[in-house]
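The values are calculated or read from the model by the stated rules, or taken from the named source; none is laboratory data. What you see is a predicted model; the values in this text were computed from it and never measured. Positions of Cβ are backbone-derived with ideal geometry, glycine not excepted, and every protein chain shown enters the neighbour counts. SASA here: full protein model, heavy atoms, side chains in, ligands and nucleic acids out. Shrake-Rupley method; radii C 1.70, N 1.55, O 1.52, S 1.80 Å.
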Amino acid sequence: EKGGYDHFMIKEIHEQPNTIRDCLRGRLDVEAGRITLGGIREYAANLNNTDRIVFVACGTSWHAGLVAEYVFEELCRVPVEVEYASEFRYRNPVIREGDVIFAVSQSGETADTLVAIEGAKEKGAIIFGICNVVGSSIPRASHEGVYTHAGPEIGVASTKAFTAQLTVLTLIALKSAHERGTIDDKRFRELLAELYRIPEKVKQALDMDEHIRKIAGKYKDAHSFLFLGRRYGFPVALEGALKLKEISYIHAEGYPAAEMKHGHIALVDENLPSVFIATRDSSYEKIVSNIQEIKARGGKVIAVVSEGDDVIPQMADDVIEVPETDELLMPMVSVIPLQLLSYHIGTMKGYNVDQPRNLAKSVTVE
Ligand code: M6R
């Protein structure tokens with residue numbers, strides 16, 4: 001059942017080219033320049049006309065919401081908020097008739113997310129469920145929604161469900177932007193074509209597995225890690241830190257790279273490795289100077305870079321190359337090395353990576 005792999009986690013990590021492809025199948029038609037989403041029909045006009053979108057989720061699904069915030073703002077030019085379901089549910093949030101809420105959840109059973117949308121629905125919000133488990137509670141409590149079709153995710157650490165969530169949310173944002181007229185046809189078609197190439201690029205990123213295992217061996221005894229990124233790399237940094245904590249019980253913090261000057265750079269010394277998401281995008285120059293700042297303080301740097309980068313490899317202690325893609329789609333590719341890094345460190349330490357201590361696959365109690 002593990003398909004020849006030692007653990008479900010590594011099997012699921014390697015499944016991602018296929019799960020992303022499954023997620024796109026029947027929805028993305030590059031030739032025709034069309035996206036079809038059977039799950040958003042009746043309420044499509046609500047989505048296309050709303051002036052406020054809120055993502056409600058927990059854990060890794062919340063990180064998918066953070067990526068989606070940037071994608072929807074960029075493409076649809078609509079204000080977006082991303083909320084921890086547990087906070088959203090217990091404060092007194094302002095919800096107006098016609099607000100659109102996306103509930104993102106692999107299991108579709110997370111108690112805080114479920115109760116949060118039930119409350120918002122009563123106040124007139126339109127709810128879209130973005131879930132993996134068909135027929136689960138959140139899709140049933142939503143007006144409409146889109147399934148991620150990643151197949152059963154057994155490993156407690158979410159991996160393939162995350163990239164499937166990003167795929168679905170990107171499809172929705174692209175379609176809505178096209179219908180709103182906030183994206184021109186050329187850019188729309190360019191992104192469709194690039195989205196179609198993502199499974200192949202994820203596969204290329206997975207080819208770094210052995211190289212990443214060696215890096216894991218070098219750093220596995222560190223007591224703490226920083227994960228740093230900017231723009232689309234920031235939620236990826238948060239996700240990399242969460243994976244490492246869950247799987248290898250090593251303390252890790254994710255931050256927007258520019259925030260380091262505001263506090264945590266005080267921690268940096270030769271014992272604190274920093275993982276940078278430093279692929280070539282609009283904030284590349286800035287991230288290069290952030291890497292220099294860490295190196296100047298004696299910190300070790302592991303950098304996820306774009307193929308062919310010849311600047312960062314001269315500064316960083318270790319680099320992991322991933323193929324280039326549009327920055328909007330990069331999280332689906334740049335998260336792969338971080339999943340692998342946490343997997344290898346966890347297994348080297350002899351931990352049960354499929355069932356980490358203290359964690360449950362779905363958190364159905366508060
Ligand atoms: O099933 P959900 O997506 O609603 O679960 C949310 C979180 O509990 C989940 O992402 C958790 O953080 C994972 N262990 C992350 O790997």
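Derived scalar couplings between HN and Hα for segment 32-46 equal 7, x, 9, 10, 10, 10, x, x, 10, 10, 4, 10, 4, 5, 4 Hz in order, rounded to whole Hz, by the Karplus curve 6.51 cos²θ - 1.76 cosθ + 1.60 (θ = phi - 60°), x for Gly and Pro. Diffusion coefficient (Stokes-Einstein, Kirkwood radius over C-alpha pairs, 10 °C, 1.306 mPa s) for segment 152-262: 96 µm²/s, rounded to a whole number.
Over the chain, the Kirkwood radius and the radius of gyration, each from Cα atoms, give a ratio Rg/Rh of 0.95. Here the simple spin-label model places points 7 Å from the Cα toward Cβ, and for GLU81 and HIS223 these points are separated by 3.9 nm. Rounded to whole numbers, the Karplus 3J(HN,Hα) couplings from phi for segment 5-21 are 8, 6, 9, 4, 4, 6, 4, 5, 4, 6, 6, 4, x, 6, 5, 5, 4 Hz, using 6.51 cos²θ - 1.76 cosθ + 1.60 with θ = phi - 60°, and x at Gly and Pro.
Work through the residues other than GLU153 whose Cβ is under 14 Å from its Cβ and net out their charges, Lys, Arg +1 and Asp, Glu -1. Here the charged neighbours net out to -2. Surface composition of the chain: carbon plus sulfur atoms hold 47% of the accessible area, using a 1.4 angstrom probe and ignoring ligands, DNA and RNA.
Relative to the globular-protein estimate of 2.2 N^0.38 Å, the Cα radius of gyration of segment 1-117 stands at 1.25. Residues whose amide H falls under 5 Å from that of SER274, counting only those 5 or more places apart or on a different chain, are LEU226, LYS300, VAL301, ILE302, with hydrogens built in the peptide plane. Scaled to the globular estimate 2.2 N^0.38 Å, the Cα spread of segment 1-61, given as radius of gyration, is 1.62.
Quote the FRET efficiency, to the nearest 0.05, computed for ALA193 versus ARG297 with a Förster distance R0 of 45 Å and r equal to the Cβ-Cβ distance.
0.60
Over all orientations, segment 171-324 has a Cα convex hull whose mean projected area works out to 10.2 square nanometres.
Measuring with a 1.4 Å probe in the full set of protein chains, what accessible area per residue, in whole Å², belongs to segment 95-155?
Values: 2060 Å² over 61 residues.
With the other protein chains kept in place, segment 95-155 gives 34 Å² per residue.
All other residues whose Cβ lies under 14 angstrom from that of ASP209 are scored, Lys and Arg at +1 and Asp and Glu at -1, for a net of -2. Along the axis of the charge dipole computed for segment 248-366 (Cβ charges of +1 for Lys and Arg, -1 for Asp and Glu, origin at the Cα centre), the listed residues ASN358, ILE302, PRO273 are led at the positive end by ASN358. How many percent of DSSP beta bridges within the chain run antiparallel, rounded to 5? Counting only bridges with both partners in the chain, antiparallel ones make up about 5 percent.
Taking a probe of 1.4 Å, how large is the accessible area per residue of segment 219-366, in Å²? All intermediate terms of the calculation are to be shown ahead of the outcome.
Working: 5700 Å² over 148 residues.
Solvent-accessible surface per residue comes out at 39 Å².
Structural size metrics of segment 235-366, computed from C-alpha coordinates, are Rg and Dmax of 15.5, 49 Å.
Computed from the mean reciprocal separation of all distinct C-alpha pairs, what Kirkwood hydrodynamic radius does segment 57-185 have, in Å?
Values: mean 1/r = 0.0680 Å⁻¹.
With all distinct Cα pairs of segment 57-185 included, I get 14.7 Å.
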